[in-house]
Each structure stands twice: as structure tokens, then as C-alpha cells.
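Just so it is clear, none of the values below were taken in a lab; they were calculated from the coordinates. Only a predicted model underlies this, so the values are computations on that prediction, with no experimental measurement involved. A quick note on method: Cβ atoms are made from the backbone with ideal geometry, for glycine too, and the neighbour counts reach across all protein chains shown.
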Amino acid sequence: MSTEPLHAQIDWDADGHPQSRQYGDVYFAHTGLEETRHVFIDQNDLSARFGALPEGGRLVIGETGFGTGLNFLCAWQVFEQCANATARLHFVSVEKYPLNRADLTRALALWPSLQRYSAALLAQYSAIHRGFQRLVFDGGRVTLTLLIGDALEQLPQLEGPIDAWFLDGFAPAKNPEMWTPELFAQLARLAAPGATLGTFTSTGWVRRSLKAAGFRMKRVPGIGHKWEVLRGVFVGLEGPAPRQGKPWFSRPPRPTGERHAMVIGAGLAGCATAASLAARGWRVSLLERHGADAAEASGNPQGVLYLKLSAHGTALSQLILAGFGYTRRLLEHLQRGRDWDACGVLQLAFDSKEAGRQQVLAEAFEPELLHRLDRDQAQGRAGVSLAHGGLYYPEGGWVHPPALCRWQAEQAGISLVPHQQILDLRRIDGQWQAWDGQHCVASASVVVIACAAQAKAFAQSRWLPLKGIRGQITRLAATARSQALATVVCAEGYVAPARLGEHTLGASFDFTNQDLTPTLAEHTSNLALLDEISPDLADRLGLDATPVQTLQGRAALRCTSPDYLPIIGPMPDQALFAERYGVLAKDARQIPDVPCPWLEGLYVNSGHGSRGLITAPLSGELIAAWLDAEPLPVPTAVAEACHPSRFLVRGLVRGKG
Ligand SMILES: Cc1cc2nc3c(=O)[nH]c(=O)nc-3n(C[C@H](O)[C@H](O)[C@H](O)COP(=O)(O)OP(=O)(O)OC[C@H]3O[C@@H](n4cnc5c(N)ncnc54)[C@H](O)[C@@H]3O)c2cc1C
Ligand SMILES: C[S@@+](CC[C@H](N)C(=O)[O-])C[C@H]1O[C@@H](n2cnc3c(N)ncnc32)[C@H](O)[C@@H]1O
């Protein structure tokens, strides 16, 4: 992980325009808006292309250097002026040093004509950390995927296709590290056939390098101080196309026919899937066996937005950072205090091993994400006495998961169909049918299995290595003295500040029992977790005088996979997979040039374990991106680490296929 400062170091010139201290260059010329329109909008013919988008059509713009977001906001404005109401804009931009909120606010105030768009960007501009960060605007009509990090490190992790490139990023003379053949090769790799490109520079070697990468380039008259600028179109290179990746992680064919999907299970995973599909114009039937959504694992009164990160940038850690940011931004649509609260999360350094782990994390991540607090500081934050200091996540907090489920399930285009226990999925005439045993309850071209470990009930997904692990929370009535608790505090368990007069204390793990009746033994073990967190808080809650028999709680099953990553993506046919890729049993490095046997239109979204609040909302975007062949919201390696096919490959390689 990088220990460089995350944010741009900005100086403001006499006219109030931002300049980069890191690069010694300006973010935009004094003709800012006109230059953006001339160089990026016009050289990519965006007005005409937005105007020509069909119903439900989409255009994907890629950019190097998000900077102040001026180019993005201008593109959004033109999109809104020219495109039909059902079209979508997807903007992907890589940025090594994002502006902090204060600098972004000041920079965007320079453009009153973009006020509506800049206000929307600022409202979503939170929890922007390294890696992929997805922001959604106008109910999903406009999507922004920020890749926070160096372009040369981030773009290789992106999946295209990009229809138009904005090649920005400070003058080549001031930023030679970025303007390299490796960058141009990435622009070409990600380009859709016929993709266009605009850039403010007319430097000869940039033009020649882009040509060498497969872009036909042309000099055109510039604007302001710029005598000439460049436009280009991607024509590709002669010779054989470069070999694609592993076929079992490739994109399945896009489903045809009516855009109607069934999602089975209305917990966090199913509701997120439904919302992401509906935002893309899909009609969604959300089939749930209970009478309402959020009736099982997603039904706890409070869950914690807790990030269990690794300093080594593992796939799980990258997913957590991307998912955390996405959930945090989504929560801005809900009511603070009732549905969630950004009260921070304090992870206590309760033993020397944990203290060591926290020190490593504090060195690896920026303080805006996490920082260490000594015991006094931690007590100051928490409002109660503590035995230890710890690691503080200022942007963390608690969430009422049913509120998040409901908000998503209520989006236009989604019908929740309660009291439907689906037992069987059948593929008939290019449609999936969902059967409750006797009746076909619904049918659609696409089905997403989002019913946690119950995915094992279906013949097509029985092989998924999912397991339900029982957990119980204890509800504790708030007292006048317990109201002092001001942040979530975690050790082995967690306790949250009161929501509607009640604290949630969690959570037990029982690997053997699947019965969901709350037990006294687990209330007792939860109280022991609280004692480890803060005996002072237990005292404030008057627990000495509370008989365990009177405690209320709730038990449910977390659904986990063997590698603790969720399972999100298109489903292969297990039997055919073994036939086609059997050679992997002999040589694990083989990549047979044989297409993956997809179960057309069948997807899974499950295995969110103990951190569904972090991973499930973004998983909906990942399913939608697989389905609609969009840029993925996570790095390729992370999408592959979450892919259902991974278990079949591992099985073959270990000789268990
Ligand atoms: C005690 C406990 C504490 C937790 N604490 C936290 C926390 O602090 N932070 C955090 O991020 N996460 C926490 N989690 C984990 C989080 O709750 C889960 O990861 C998340 O709820 C999983 O969502 P899901 O949609 O995959 O599963 P579920 O919420 O279980 O949803 C699955 C849905 O599918 C339905 N269904 C099942 N089978 C069928 C069928 N055949 N037909 C129709 N419908 C069906 C079910 O009724 C259910 O509504 C906790 C979990 C537990 C149990
Ligand atoms: C001229 S500014 C971009 C202006 C921006 N497009 C706008 O609309 O405001 C250049 C941006 O490129 C970023 N940048 C420079 N080198 C980079 C690299 N190697 N990887 C990612 N971003 C980079 C800078 O941090 C800066 O924000």
C-alpha cells in the first residue's frame, strides 16, 4: 500500500484558480469551460453521439486525471441536454491525487452554470479512498467510477469498453511519468471499436505514440493559448488480436429479450441487485419467502460499518474499501439517526497482537480513513471509560439494515413478491421459471439467486460452497447514562450508540446450531463481549440488575464461503465446466481456448458473511455490470476473486472437479 498523501496539494492563484503543488501546473486554462467543451466534448462529437443514443442506450467515457471534475460535469450537462430520458452516461476517471472536499468545493464554485451538477457531485463526494470508487447520480442515469491511484497502476485493472477518451492529466513536459507507451497501450486495450479520443496537447511524440497504439490521430485548431489540439479514433493494430483472459472469468453473452429479471431473496444482496438492475431500466420481480424484505440476516436493528482491512492490498481489502465507500454514499439517501449514523467506529487494541495489527494499518492507510487513538483520546471519542486505545474509523458507523433494504426495494421498476419460497429453477424456451414446488411463480430472461445459503436448494447452484453460521445479537434498552456512548466500539464483539432507545450488542458465532430461537447462553456470551469492551458501559446500562432471562435478541445465519469472499457473478454449468477444463487437473497453468459453459441468464449474489453492509450494496452494481457488459465497479482481480467459477477451477486443480 502507498503511504503517499492521498489528496492533491493545491495552491490558489491570484484569480482563485487551483494549481497543483505536486506537478507545478494548472488544473485548467483561464478559458476552463470553453477549453473543456472544445477539447473533450467537441473532439469526441459528444453532443451528436448523446443525441443518437437509442432508448436505454449508454455511452462510456474514460478520462485520465479527474482533477476538479470539470470535464465530468460538462459531459453530464451536455448528456442531459442531448440524450433521451432512458439513456445512461457512464464516466470512468483515474485520479492519483483526488482533491479534498474543501478544495473541490472551492474549485467548483468557479462555475455557477454547473451548480446543479457540482452540488450533486459534492453531495456524494465522501469516503473516496484508494482503488475503485463508484458514485451514482440521478437515480442511476449517470454513473461515475473513480479509480483512485496512478493511471499506470489502475487502468490495467479496469475492464472496458470505453467509447470516448478524455486524455487529460497535466502537460506531458510537467508529467512525463504518466504520458508513456504503457498508458497509450491501456487506452487502446480498453477502447471499444471506433472509440474516439480528445486531448489538449499537440506534442508530436504524444501524437506518434497514440498512432503506434492504434489511434488514427489528427491535429485540429486549438483554443485560447493552444494553437492546436488532437483528436483521434481507435482503429486498432494490424495482426492477431491479443489473447483474452481466462474464459471462465470472461463476459457471458448479453441476454436478449425483455429486460425483466427475477431476484430470489430480499435481503441486502437481493435488494441491492434489484436496485442496480432497476436503475438500468430492468423490470425486477423480487421474490421473497417471508412477508417482507429484510426478514433474515439483514433484519438486525443495527449492524456496524466495520472495515477489516489488510495492509497488503488483498482482493478482500480492496473490495472492502470499494464497498465501504459505495455503502457510505448510498446511506446519504436515508435518514440519519433513524436509519444510520456516521458516528465513527472504534476498534479497541485489546491485546498486543491486535495493537500490532493496528499499527501496521495506521502506517498503510491515510488518517482520513483510520488513525490510532490513545486511551484518553479513545475515551473522549466514545464518551465512556475504556481499558484500551485503538483504531478509529471516523467515516464508519451503524446502519439499520432493513431501512437500507427497503430504500433499495422501493426504487421504481421493482415489485416485491412476498410469501414465495422458490424451490426449483427451470430453463424453458430461453426463459427462467421460478417454481414453488407446484406452481410457476414467475418467469424472466434473467434470474439472480440472492437467497444466502439457500442457493444450495437449486440444482444449478447446489455445488456452491456456502455455509450458514448462526449469530445472535442482544438488544439493550438505553438508559440516561448509556446515551453518553457516542461511537460504535468493537473488540471481539461490538456495541452501538442507541437507536430509538436501544443499543445493539453483537454478536455470537455458533458453527453447529442452525435453530434461530435466541438462547440465554448466547445473551450471556454477548454480555461477556460487552465486558471486554467497557465494564463502565455495562454499568451505565444497569446490567448487573438485569436478569439474563429478560434480555431480548435476534438470531440469524450469516452465509459464508471458504475464502471469506462473497460469490457474485454469472453461473457456469458445473458438469460441462469439468468436461471442458478437465485439463487443469493435469496442468493448472493451462488456459484452454474453449468458451465457458454459462448457464445463460443465471447469476448468483451470496456469501456476504459478517460484512454484508460493506459488500452487498456494491455487489448489486457488480451483477448489473456483468449483465450489461459495463465497466466493473471493482478491479478485475477483485471481480475474479468473487467469481463463482473460482471454486470450479480450484476443484479441478486440486483434483476434486
Ligand atoms: C448476528 C449477525 C450480526 C451481523 N452483524 C453485521 C454487522 O455488524 N455488519 C455487517 O456488515 N454485517 C453483519 N452481519 C452480516 C449481514 O447481516 C449479512 O452479510 C447480510 O445480511 C447478508 O445479506 P443477504 O441478502 O445475503 O442474506 P439474507 O439477509 O439472509 O437474505 C436472504 C433472503 O433470501 C430469502 N430466501 C431464502 N431462501 C429463499 C427461497 N428459496 N425463496 C425465496 N426467498 C428465499 C430469505 O428469506 C432472506 O430474506 C451480521 C449477521 C448476523 C447473523
Ligand atoms: C489538468 S488536471 C485534470 C483536470 C480535470 N480533468 C478537470 O476536469 O478538472 C490533471 C489531473 O491528472 C492527475 N494525474 C496526473 N498524473 C496522474 C497519474 N499518473 N495517474 C492518475 N492521475 C494523474 C492530477 O492529479 C490532476 O488531478
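Rounded to the nearest 20 Debye, what is the dipole magnitude of segment 461-598 about its Cα centre when Lys and Arg each give +1 and Asp and Glu each give -1 at the C-beta? All intermediate terms of the calculation are to be shown ahead of the outcome.
Working: 12 positive and 15 negative charges, 70 e Å.
Dipole magnitude for segment 461-598 comes out near 340 debye.
Considering the options 430, 613, 86, tell which one lies farthest towards the positive end of the dipole of the chain, charges being +1 on Lys and Arg and -1 on Asp and Glu at the Cβ, about the Cα centre.
Result: 430, furthest along the dipole toward the positive end.
Report the FRET efficiency, 1/(1 + (r/R0)^6), for residue 486 and residue 292, where r is their Cβ-Cβ distance and R0 is 35 Å, rounded to 0.05.
Details: r = 32 Å, r/R0 = 0.91.
That gives a FRET efficiency of 0.65.
For the pair residue 174/residue 120, report the inter-label distance in nm, with labels modelled 7 Å from Cα in the Cβ direction.
Once both label points are built, they end up 3.0 nm from each other.
Cβ under 10 Å from residue 279's Cβ, residue 279 left aside: what net charge do those residues give with Lys, Arg +1 and Asp, Glu -1?
Details: positive: 88, 141, 280; negative: 138, 621.
Computed value for this residue: +1.
Between the alpha-carbon centers of segment 1-68 and segment 251-283, tell me the distance in whole angstrom.
Measuring centre to centre over Cα atoms gives 32 Å.
Of the peptides 441-447, 272-278, 491-497, 188-194, how do they stack up when ordered by the mean number of other Cβ atoms within 10 Å, highest first? Please list the in-between numbers first.
Details: 441-447: 21.7, 272-278: 30.6, 491-497: 23.3, 188-194: 17.0.
Going by the mean number of other Cβ atoms within 10 Å, highest first, we get 272-278, 491-497, 441-447, 188-194.
Just how far, in whole angstrom, is segment 606-657 from segment 175-215 if you go by their alpha carbon centroids?
Between the Cα centre of segment 175-215 and that of segment 606-657, the gap is 31 Å.
Short version: ³J(HN,Hα) in whole Hz for each residue of segment 42-52, in order, from phi by Karplus 6.51 cos²θ - 1.76 cosθ + 1.60 (θ = phi - 60°), x for Gly and Pro, what are they?
6, 5, 9, 6, 6, 4, 5, 5, 5, x, 8
How far apart, in nm, are the 7 Å Cα→Cβ label points at residue 283 and residue 377?
The answer from the label model is 5.6 nm.
Under 8 Å for C-alpha pairs, at least 6 residues apart: give me the relative contact order for the chain, rounded to a whole percent.
Numbers: 1439 pairs, mean separation 94.0, N = 657.
Relative CO of the chain lands at 14 percent.
Working from Cα positions, state the angle (0 to 90°, nearest 10) between the long axis of helix 315-331 and the longest principal axis of the chain.
So the inclination is approximately 90 degrees.
On a full-extension model of 0.36 nm per residue, what is the gain between residue 14 and residue 244, subtracting their alpha-carbon distance, rounded to one decimal in nm?
Numbers: separation 230, 0.36 × 230 = 82.80 nm, distance 5.07 nm.
Difference between extended and current length: 77.7 nm.
Pull up all non-local amide H partners of residue 553: gap of 5 or more, or a different chain, and H-to-H distance under 5 Å with H placed in the peptide plane.
Excluding prolines and chain starts, which carry no amide H, the hits are 475.
Just to verify a number: FRET efficiency for residue 590 and residue 189, C-beta to C-beta distance, R0 = 22 Å, to 0.05? Let's see the in-between values first.
Details: r = 23 Å, r/R0 = 1.07.
Between residue 590 and residue 189 the formula returns 0.40.
Out of all DSSP beta bridges with both ends in segment 10-234, state the antiparallel percent to the nearest 5.
On the way: 23 of 46 bridges.
Of all bridge pairs located within segment 10-234, approximately 50 percent are antiparallel.
Taking 7 Å along the Cα-to-C-beta vector as the label spot, tell me the residue 436-residue 576 distance in nanometres, rounded to one decimal.
3.1
Can you tell me what percent of all Cα-Cα pairs in segment 533-657 are more than 21 Å apart?
Values: 4268 of 7750 pairs.
Tail fraction, whole percent: 55.
From the phi of every residue in segment 264-275, what ³J(HN,Hα) in whole Hz does the Karplus formula 6.51 cos²θ - 1.76 cosθ + 1.60 yield, where θ is phi - 60° and glycine or proline is x?
Running phi through 6.51 cos²θ - 1.76 cosθ + 1.60 with θ = phi - 60° gives 9, x, 10, x, 4, 5, x, 5, 5, 4, 4, 5 Hz.
When DSSP assigns beta bridges and you keep just the ones with both residues in the chain, what percent turn out antiparallel, to the nearest 5?
About 60 percent, rounded to the nearest 5.
State, to one decimal in nm², a quarter of the convex hull surface area for the C-alpha atoms of the chain, i.e. the direction-averaged projected area. Don't skip to the answer; put the middle values down first.
Numbers: hull surface 121.1 nm².
For the Cα atoms of the chain, the hull's average projected area reads 30.3 nm².
Taking a temperature of 25 °C and a viscosity of 0.890 mPa s, what whole-number D in µm²/s does Stokes-Einstein yield for segment 10-234 with Rh from Kirkwood over alpha carbon pairs? Provide the component values of the computation, followed by the final result.
Working: Rh = 17.5 Å.
Estimated via Stokes-Einstein, D reaches 140 µm²/s.
Quick one: helix 181-190 against the long Cα principal axis of the chain, what's the angle to the nearest 10°, folded into 0 to 90?
70
Rg over Rh of segment 391-529, using C-alpha atoms and the Kirkwood radius, what does it come to?
Numbers: Rg = 20.1 Å, Rh = 18.7 Å.
When Rh is taken as the Kirkwood radius, the ratio is 1.07.
Please tell me which of these pairs span more than 24 angstrom C-alpha to C-alpha: 308/353; 308/456; 96/218; 96/174; 246/456; 174/226? Can you show the working numbers first?
Working: 308/353 15 Å; 308/456 28 Å; 96/218 28 Å; 96/174 15 Å; 246/456 26 Å; 174/226 16 Å.
Exceeds cut-off: 308/456; 96/218; 246/456.
If you place +1 on the Cβ of every Lys and Arg, -1 on the Cβ of every Asp and Glu, and leave all else neutral, what size is the dipole of the chain about its Cα centre, to the nearest 20 Debye? Mind dumping the intermediate values first?
Numbers: 61 positive and 63 negative charges, 255 e Å.
I would put it at about 1220 debye.
Angle between the Cα long axis of helix 70-82 and the longest principal axis of the chain, 0 to 90 degrees, nearest 10?
Compared with the principal axis, the helix lies near 90 degrees.
Tell me what the chain gives for mean residue ellipticity at 222 nm when only DSSP H runs of n ≥ 4 count, each as -39,500 (n - 2.57), the sum divided by the residue total, rounded to 500 deg cm²/dmol. Present the calculation step by step, with values, prior to reporting the outcome.
Numbers: 19 runs with 182 residues, N = 657.
About -8000 deg cm²/dmol.
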